[in-house]
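Below: one structure, written as structure tokens.
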Amino acid sequence: MAPNQGERSRRRLSTAARREQLLSVGARLFSESPYDDVWIEQVAEIAGVSRGLLYHYFPTKRDFFAAVVERESERMLRMTAAEPGVPAREQLTAALDVYLDYVHTHAHGFRAFHRAEASGDQAVRRVYRQAQSAQERQILAALAADPEFGPALEQRPDTRLAVRGWLAFTTHVCLEWLRTEELTREQVRDLCARALLGVIS
């Protein structure tokens, strides 16, 4: 009786819900282990689906990991999107609050996202770098639209490199925060905010 109920439960999931379930499992596994140590069979077993069904959604392991990376990137971009008319300094604090809440709540996905660069797979690394570039563009656009920073940044050719370096700094700080929790969320937020304002001022 129980197996039949499980089968019916599986069939009741929509395509979108099943895909989200698989990506959630993948985010956890990839955050806990290197890319090469995660097996598709693990994902299928934890999700309670057949390996064939998993391959129906994601033809290869590379495709699956790339989808995990894209999912986490899109989530972060939506949550930290700029609000027109709000000063950049205020937006920075608010965005970091949201970002750090995300990092803490979705620690597995955050770690999985940033394991992509070390995966060794060129296609997966390309997805990761595209995601990082999207974050970079979002920050630069918010700064350019700000009355305080916009005019000065137009005259500075090093702004893009500075923002790129700040993203790497913030990533490292957040990964260390998750690992050690030596600082409070507010201390991490203020550290990251000071770092960006310092490099663009």
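The values are calculated or read from the model by the stated rules, or taken from the named source; none is laboratory data. Note that the coordinates shown come from a computational prediction; the quantities given were computed from them, not determined experimentally. Quick reminder, even Gly has a Cβ in these numbers, built from the backbone with ideal geometry, and neighbours come from all protein chains shown. When the accessible area is computed, the model is the full protein with side chains, heavy atoms only, and any ligands, DNA or RNA have been set aside. Shrake-Rupley method; radii C 1.70, N 1.55, O 1.52, S 1.80 Å.
The lone criterion from (1) crowded, with 16+ Cβ neighbours inside 10 Å; (2) without any contact (Cβ under 8 Å) to a residue 60 or more places away in the chain left unmet by GLU74 is number (1). Scanning segment 120-160 for residues that are hydroxyl-bearing (Ser, Thr, Tyr) and touching a residue at least 60 places away in the same chain (Cβ under 8 Å) yields nothing.
Looking at segment 44-71, I want the residues that are basic (Lys, Arg) and have a partner that is surrounded by fewer than 19 Cβ atoms within 10 Å (Cβ to Cβ) with Cβ atoms under 8 Å, at least 6 apart or on another chain. Which pairs are those? Final answer for the pair search is ARG51/ILE40; ARG51/GLU41; ARG51/ALA44; LYS61/ILE40; ARG62/ASP121; ARG62/ALA123.
Note on segment 183-201: residues that are outside any helix (DSSP H, G or I) and surrounded by 14 or more Cβ atoms within 10 Å (Cβ to Cβ) total 1.
Which is among the β-branched types (Val, Ile, Thr), surrounded by fewer than 19 Cβ atoms within 10 Å (Cβ to Cβ) and under 22 Å from GLN132 (Cα atoms), of THR80, THR105, THR60? Steps first, answer last, please.
Details: THR80 fails: surrounded by fewer than 19 Cβ atoms within 10 Å (Cβ to Cβ); THR60 fails: under 22 Å from GLN132 (Cα atoms).
The unique qualifying residue is THR105.
Does PRO59 fit the bill of being in a loop (DSSP other than H, G, I, E, B), within 23 Å of SER14 (Cβ to Cβ) and either modelled with pLDDT of 90 or more or touching a helix residue (DSSP H, G or I) at 6+ places or on another chain (Cβ under 7 Å) (or both)? Judged against the criteria, PRO59 is a match.
Suppose we keep only residues that are in contact with a helix residue (DSSP H, G or I) (Cβ under 8 Å, 6 or more places away or on another chain), more than 14 Å from LEU175 (Cβ to Cβ) and not in a helix (DSSP H, G or I) within segment 87-127. Which one would you say is modelled with the highest pLDDT? Restricting to residues being in contact with a helix residue (DSSP H, G or I) (Cβ under 8 Å, 6 or more places away or on another chain), more than 14 Å from LEU175 (Cβ to Cβ) and not in a helix (DSSP H, G or I), the top hit is ASP121.
Of everything in segment 26-42 that is in a helix (DSSP H, G or I) and open to solvent by less than 20 Å² (accessible area, probe 1.4 Å), the residue that is modelled with the lowest pLDDT is SER31.
All told, THR180 falls short of being among the hydroxyl-bearing types (Ser, Thr, Tyr), modelled with pLDDT of 90 or more and surrounded by 15 or more Cβ atoms within 10 Å (Cβ to Cβ).
Considering only residues that are outside any loop (DSSP other than H, G, I, E, B) and out of contact with any Leu (no Cβ under 9 Å at 6 or more places or on another chain), look in segment 43-52 and name the one that is most open to solvent (accessible area, probe 1.4 Å). Before you say what the answer is, go through the steps one by one.
Of segment 43-52, the ones outside any loop (DSSP other than H, G, I, E, B) are 43-47, 51-52.
Among the residues that remain, those that are also out of contact with any Leu (no Cβ under 9 Å at 6 or more places or on another chain) are: 45, 51-52.
Working: GLU45: 149, ARG51: 123, GLY52: 53 Å².
Step by step, filter segment 43-52, then rank; the result is GLU45.
Contact annotation: residue pairs with Cβ atoms under 9 Å, 6 or more positions apart or on different chains, pairing a residue in segment 161-182 that is free of Cβ contacts under 8 Å to residues at least 60 places away in the same chain and in a helix (DSSP H, G or I) with a partner that is acidic (Asp, Glu) and surrounded by 12 or more Cβ atoms within 10 Å (Cβ to Cβ), are VAL163/GLU136; ARG164/GLU136; LEU167/GLU136.
Restricting segment 135-152 to residues that are open to solvent by less than 20 Å² (accessible area, probe 1.4 Å) and assigned to a helix (DSSP H, G or I), which is nearest to PHE169 (Cα to Cα)? Steps first, answer last, please.
From segment 135-152, those open to solvent by less than 20 Å² (accessible area, probe 1.4 Å) are 136, 143, 146, 149-150; that's our starting set.
Cutting the leftovers down to assigned to a helix (DSSP H, G or I) gives us 136, 143, 150.
Values: GLU136: 13, LEU143: 18, GLY150: 23 Å.
Ranking the candidates gives GLU136 first.
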